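Accompanying notes for the structure given below.
The values are calculated or read from the model by the stated rules, or taken from the named source; none is laboratory data. What you are looking at is a predicted structure, and each value in this text was computed from that prediction instead of being measured. In this analysis, Cβ positions are derived from the backbone assuming ideal geometry, glycine residues included, and neighbour counts consider all displayed protein chains. Side chains are part of the model used for accessible areas, which takes the heavy atoms of the whole protein and leaves out ligands, DNA and RNA. Shrake-Rupley method; radii C 1.70, N 1.55, O 1.52, S 1.80 Å.
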Amino acid sequence: MLLDVRGPKTLASLKFTTTTVSEDLLEEILGRYYELAGVDAVNSVVPVSLHQKTCYICRTTDTSVLVAVCDSNHVSPLDLERLTSLCNELQRTLPIRQRGEIRSDFVLAARRHLQKSLKVCFVAQSDPLHHNTTIAAVEQVFANCSDEMSPFTKPISIGPLLVEAARCNTEDLATGLWPVHLNDVNILAIVVDSGLSAEYYASVASVIHDNSQAHIVALPASEEDLDFTEEIAESNAIGFVDAVPTVASDLFFSTLAASGQMDMELDEAKDQWVFDEAINQYVTRDQVPSKPLGHQAFFVVDRTNGEPVFSYYYEHKSVVLERAPNVVAAISMFTVESDGDHKTSVFRAGDLDYVLIERENLIFTLVTGSQYNVEQLRERFSFLPELYLDERPEVVSRPDDPYSSPAFTLKLLATLPGEQLCDRHVPYKIKAPDWERFESAMVADFLEAVWDSIDNQSKLSRYVQEQAGPQMTLGALQFLKSLSAIGFRLDLEATDVPRMISPPSEDLLKTYSELNEIVSLADGMLTIEEIGAMTGVSTDVLLHVFSELYKRGSVSLESTSSTDGLS
């Protein structure tokens, strides 16, 4: 604290712990100050022992004194060095400061000199297999503390530490990529989901070990992942967080404890350390960008009896899944209009579109969100009825079980994929499916052949060749993704040229205040790197922003070496 010795009164203060400094102790500290001042001994930092605490005193001006009170009862050489550095700065700057500037300037200087700076990176799936508690805590950190000019958050005060946080995708590390900003990181915390394989996390840990000397810890994604996370930590010789963080402060405390950054027990630190409570602000849905609804389901319904003869759900937790019987019944009641040789219609119900084609008393229906142009979709799957009628797959007893899918499912996904892809998407392995579970041996054999060809490095254009009709390899890749067997990462480069094709969504505009300026420069002429130079926004941040814009269908991307694309 900075004291005015004429009062005495506190001019400015900064607390790292909840310990209260009593008036009696302050009086004794000032008494000792006057004793030392008489012999001109307080122009430098002087440690004194009072009330079983070590106190440090240093004159900053003729009327002010710097006082630091530590919980320990011994002199720390590191504390003495840091306080000397702070006192030297205050002796230079305080005489020329206005009174109104003293408090804020003191806090900034004290944080800079006294708190240990750390950089933490949370490593997790860019598209988690399911919602989990730890990811929610990570999102809370970035919703409340993000810095649009840097891949790291604004500094967050946690006891004697000043922490900046970043995030990185596990799929990048699993495929050998090493983002540049990770070179500055002190701690890498991997969020472990038991839906992924031990081999997958071993590859992530190996890449970190090869590229960094940072501490590595494993965080469970949810309570169900605790045992698996402990196994991952033991087998890869990394730290283990043995509890699931529910809020941002728990996330930091647990990570710091597991990485050896605390000189006390975790519960003791939680009780005693003062932290920036802004990180725990409640995050509403409109503060965290949400992805628009994509394809939800595809049905082939027999109009004569209203029964589905084929069903496919794009997501295992599809919004259509729970009300599927009602949806199918509604489909059978729709009046499908005649459109040339075909009967086609588009209906809107709530937040979903129903795109229909009727053939031979069968109604082929795609249930989709607002992410796509429905007229283009209708044209695109106009030949699906012929493919279905050529094969006429048997009705399966459990359409929500992907392992019962017939070969037609691959043709469907080749024609109407669940995820928009371009040639810079890179498929990577996560966990091999249970090949024995497939009811169709032909489907299993084809999927396994595609799985074996994935090398985690090659872009999608290597696997998919231009051809007429459905691209079965693309359908197989999409199906493997739906099984969480593989993932796709978007391999953006600073030299890619973005072009806006539709306005950014409101949720992204709320998240990135600089977004309007960024998208105004995305005219198909400038590279991402050049946009960064013009706006002052870091390239890492821009790569993340344009990835989000691409996922929402708001931007197209052209490579300086290739302009081919897939969708």
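Observations, loosely collected:
- Scaled against 2.2 N^0.38 Å for its residue count N, the alpha carbon radius of gyration of region 412-482 is 1.07.
- Take the Cα of residue 268, step 7 Å toward its Cβ, do the same at residue 333, and the gap between the two points is 6.8 nm.
- Cα radius of gyration and Dmax for region 387-525 (Å): 18.5, 54
- Shape category assigned to region 496-559 from the gyration tensor of Cα positions, a/c cut at 1.5: oblate
- Ranked by solvent-accessible area (1.4 Å probe, protein heavy atoms only, all chains present), the residues 63, 255 order from largest to smallest as 63, 255.
- Fully extended contour minus Cα-Cα distance, from residue 211 to residue 15, at 0.36 nm per residue: 66.9 nm
- Ordered from highest to lowest accessible area with the whole protein assembly present and a 1.4 Å probe, 273, 178 read as 178, 273.
- Cysteine residues of the chain whose C-beta has no other cysteine C-beta under 4.7 angstrom: 55, 70, 121, 145, 168, 422.
- Rg/Rg_globular for region 131-211, with Rg_globular taken as 2.2 N^0.38 Å and Rg from C-alpha atoms: 1.17
- Helix-only mean residue ellipticity at 222 nm for the chain, each DSSP H run of n ≥ 4 adding -39500 (n - 2.57), per residue, nearest 500: -10500 deg cm²/dmol
- To the nearest ten degrees, helix 133-145 and the longest principal axis of the Cα atoms of the chain are 60 degrees apart.
- Extension gain, residue 389 to residue 243, is 47.2 nm, computed as 0.36 nm per intervening residue step minus the present C-alpha separation.
- At the residue level, residue 126 shows approximately 40 square angstrom of accessible surface with a 1.4 angstrom probe and all protein chains present.
- Scanning residues 5 or more positions from residue 295 or on other chains, those with amide H under 5 Å from its amide H are 369, with H placed 1.01 Å from N in the peptide plane.
- Within the accessible area of the chain (1.4 Å probe), percent carbon and sulfur: 48 percent
- Note that the chain presents 46 Å² accessible area per residue, ligands and nucleic acids not counted, probe 1.4 Å.
- Here the Karplus relation 6.51 cos²θ - 1.76 cosθ + 1.60, evaluated at θ = phi - 60°, turns the backbone of region 89-104 into coupling constants of 5, 5, 5, 7, 9, 4, x, 10, 8, 6, 4, x, 8, 4, 4, 5 Hz, with x for every Gly and Pro.
- Rounded, prolate or oblate (a/c below 1.5 giving rounded, otherwise prolate when a/b exceeds b/c) for the chain by Cα gyration tensor: prolate
- In degrees, nearest ten, helix 226-235 long axis to first principal axis of the chain (Cα): 70 degrees
- Ranked from largest to smallest solvent-accessible area, with a 1.4 Å probe on the protein heavy atoms, 111, 552 come out as 111, 552.
- Cross-linked pairs 119/459; 411/551; 53/154: Cα-Cα separations exceed 29 Å for 119/459; 53/154.
- Length-normalised contact order of the chain in % [C-alpha pairs under 8 Å, at least 6 apart]: 10 percent
- For region 116-280, the alpha carbon convex hull comes to 105 Å³ per residue, rounded to a whole number.
- The angle between the Cα long axis of helix 324-333 and the longest principal axis of the Cα atoms of the chain comes to about 40 degrees, rounded to the nearest 10.
- Subtracting the Cα-Cα distance of residue 103 and residue 22 from their residue separation scaled by 0.36 nm leaves 27.1 nm.
- Cα-Cα separations in region 1-109 greater than 24 Å, expressed as whole percent: 17 percent
- Neighbourhood charge, 13 Å Cβ-Cβ cut-off, centred on residue 280 and excluding it, Lys, Arg +1 and Asp, Glu -1: -3
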